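Readers should treat all values here as calculations from the given coordinates under stated rules, not as data from a laboratory. Here the structure is a predicted model, which means the values were calculated and not measured. Cβ placement follows ideal geometry from the backbone for every residue including glycine, while neighbour counts extend to all protein chains displayed.
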Amino acid sequence: MAINWFKYSAPTAFYGLAGKLVPWFAWSSAILFAIGLYISFFVAPTDATQSEAYRIMFIHVPTSILSMFIYLVMAFYAAVGLVFNTRLSSMMATALAPTGALFAFISLWTGAMWGKPMWGAWWVWDARLTSELILLFLYFGFIALHASIDDPRRADRAAALLAIVGSVNVPIIYFSVKWWNTLHQGSTIKFSGTSMHIAMQQALFTMLLACWTYSVAISLLRVRSIVLERERNTQWVAELEEVRS
Amino acid sequence: MSEFFAMNGYAFYIWGSYGLALLIFIVEIAMVRHKRKITLQQLRLMRDAGEEGQA
């Protein structure tokens, strides 16, 4: 049997599907955060050189990875919306931007809280830190540009261009620790393996999954409001249970 | 217990990191839920205005 993948690209079908998915992702996230935090604070051993301070890693690394990943997903949706003129893709891009910006902010904040005790400085103009700051500004630019254009379809197209051009920054962040001499350390987990303690890897991976499921749940919840707002003049919105009651 | 919260002298940095992340998640969830409430309210207002126009 052929699956009609395009069925959910229509806002009508997607709105219902997103509503069903939100609780699953939200509860998965809550459970994963509980497990992840437990391993982070009670199972993972104290670090030999950084003592307890290294535990900031379990929130810093997952939020940093997601701030970059969400940007690429956002740029992808924006590009699809631009090329195929699909409204829903653009709505998804708009829904992802605030969550991505918040992850970028958490990444910078926790980085400062880690940098102060380990490097002796809250902030340095190092390539990794600077490019992550630019990522935060790109998110702000995307949100502000979209909000400043009244016609939503034109706003989608203008913001999409910004998102696509800005995506060049993501590999710069990722490779910055290799390309330049940075104070920021390189990755400890490589494709060739890692020297990291197994409990630390488990904590990191669980927290990454927790942050990912969180971002899916919150973006789906946000996109539902955007769909309603932008489809407000259609029959199917008027016939929705939550609108009629 | 107090030894756990002291984090060997790094309490400020560790709880400052996790605390802010938690705060951001709580505020974001509240804002997104509020936005849904407002959107639904506006849709109902629009519908009521439309019905009056027809009558």
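Some observations on this one:
- Relative to the longest principal axis of the Cα atoms of chain B, helix B:11-54 runs at roughly 0 degrees.
- Estimated from helices alone, the mean residue ellipticity of chain A at 222 nm is -25000 deg cm²/dmol (sum of -39500 (n - 2.57) over DSSP H runs with n ≥ 4, per residue).
- Mean-position separation - Cα centroids, segment A:9-24 and chain B, in angstrom: 21 Å
- Result for chain A in a Gaussian network model with C-alpha springs under 10 Å: among A:Asn181, A:Asn169, A:Asn85, the largest mean-square fluctuation is at A:Asn181.
- Highest GNM mean-square fluctuation among A:Pro45, A:Pro11, A:Pro98, for chain A modelled with Cα contacts below 10 Å: A:Pro45.
- Average partner coverage of B:2-15, which counts Cβ from other chains inside 10 Å: 4
- Each of A:Leu240 and A:Ser195 was given a label point 7 Å from its Cα along the Cα-to-Cβ line. The distance between the two points is 5.4 nm.
- C-alpha center-to-center spacing [segment A:170-216, segment A:47-114] in angstrom: 13 Å
- A cut-off under 14 angstrom between Cβ atoms defines the neighbours of B:Ile14, and their net charge, with Lys, Arg +1 and Asp, Glu -1, is -1.
- The alpha carbon gyration tensor of the protein assembly as shown gives principal lengths a ≥ b ≥ c with a/c of 1.5 or higher and a/b greater than b/c, which makes the shape prolate.
- Of the DSSP H helices in chain A, those whose Cα atoms cover at least 30 Å axially and whose Kyte score averages 1.6 or more: A:57-84
- Spin-label model, A:Tyr38/B:Arg36: points 7 Å from Cα along the beta carbon direction are separated by 2.7 nm.
- Shielding of A:109-122 by partner chains, average beta-carbon count, 10 Å: 3
- Cα shape, segment A:109-234, gyration tensor, a/c 1.5 rule: prolate
- Remark: the A:Asp47-A:Thr188 segment gains 49.4 nm on full extension, using 0.36 nm per residue and subtracting the alpha carbon distance.
- Shape class for segment A:148-213, computed from the alpha carbon gyration tensor (a ≥ b ≥ c): oblate, with a/c not under 1.5 and a/b at or below b/c.
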